[in-house]
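One structure below.
The values are calculated or read from the model by the stated rules, or taken from the named source; none is laboratory data. Fair warning: this is a prediction, and the values are worked out from it, not measured in the lab. No Cβ is skipped: glycine too gets one built from the backbone with ideal geometry, and neighbour counts run over all protein chains shown.
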Amino acid sequence: MSKQYIYDEAGKPQYVVLPVAEYEKLLSASDDAWETIPVETDEHDDETIPHDVTGIMIEQEVSLQAAWRILRGLSQQDVAQQLGTTQSAISQLERPDSKPQKKTRERLAKLYGCRPEQLIL
């Protein structure tokens, strides 16, 4: 097999250049290697999150809940006042590993103008 390596500045191989025929041969061999994984669906499978929200998540490296708040132009203090809680409680709620309870998601959804299911991944 004819191949060419492309190295980084440290001398580590990063890419391999192959003839097209070799590449296609590798692709056809991998078709049989894919395994079907069973998927369990539920009623929320059709939920979507707006592009603007996901863009904020990526660009500002924030959680889904924080992205919705930012999209709506609210501060953590604003949300805390409207929900009758503290800013630190909202900060904890916006941690990436946070799983808000259904009642909390419903209150946030009403405030953010979205569906509660759009506040969880």
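May I ask you to list the residues in the range 14-55 that are assigned to a loop (DSSP other than H, G, I, E, B), surrounded by 10 or more Cβ atoms within 10 Å (Cβ to Cβ) and out of contact with any strand residue (DSSP E or B) (no Cβ under 9 Å at 6 or more places or on another chain)?
Answer for the range 14-55, where residues must be assigned to a loop (DSSP other than H, G, I, E, B), surrounded by 10 or more Cβ atoms within 10 Å (Cβ to Cβ) and out of contact with any strand residue (DSSP E or B) (no Cβ under 9 Å at 6 or more places or on another chain): Pro19, His44, Glu47, Thr48, Ile49, Pro50.
Quick check on my filter: what residues within the range 56-70 are under 16 Å from Leu93 (Cβ atoms) and assigned to a helix (DSSP H, G or I)? If you could, list the steps in order and put the result at the bottom.
Kept after step one, since they are under 16 Å from Leu93 (Cβ atoms), are these residues of the range 56-70: 57, 62-70.
Hits for the range 56-70 are Met57, Leu64, Gln65, Ala66, Ala67, Trp68, Arg69, Ile70.
Can you tell me which condition Glu9 does not meet? The list is (1) exposed (fewer than 10 other Cβ atoms within 10 Å of the Cβ); (2) over 19 Å from Leu119 (Cα atoms); (3) modelled with pLDDT under 90, and all the others hold.
So Glu9 meets the others, but not (3).
Take the range 56-70 and flag every residue that is buried (at least 19 other Cβ atoms within 10 Å of the Cβ) and charged (D, E, K, R).
Arg69
Scan the range 93-104 for residues that are in a helix (DSSP H, G or I) and within 19 Å of the chain's Cα centre (by Cα) and jot them down.
From the range 93-104, those in a helix (DSSP H, G or I) are 93, 102-104; that's our starting set.
Within the range 93-104, just Leu93 meets the criteria.
Just give me the residues in the range 71-81 being outside any loop (DSSP other than H, G, I, E, B) and either of a type in the set (A, V, I, L, M, F, W, C) or surrounded by 14 or more Cβ atoms within 10 Å (Cβ to Cβ) (or both), in sequence order.
Leu71, Gln76, Asp78, Val79, Ala80, Gln81
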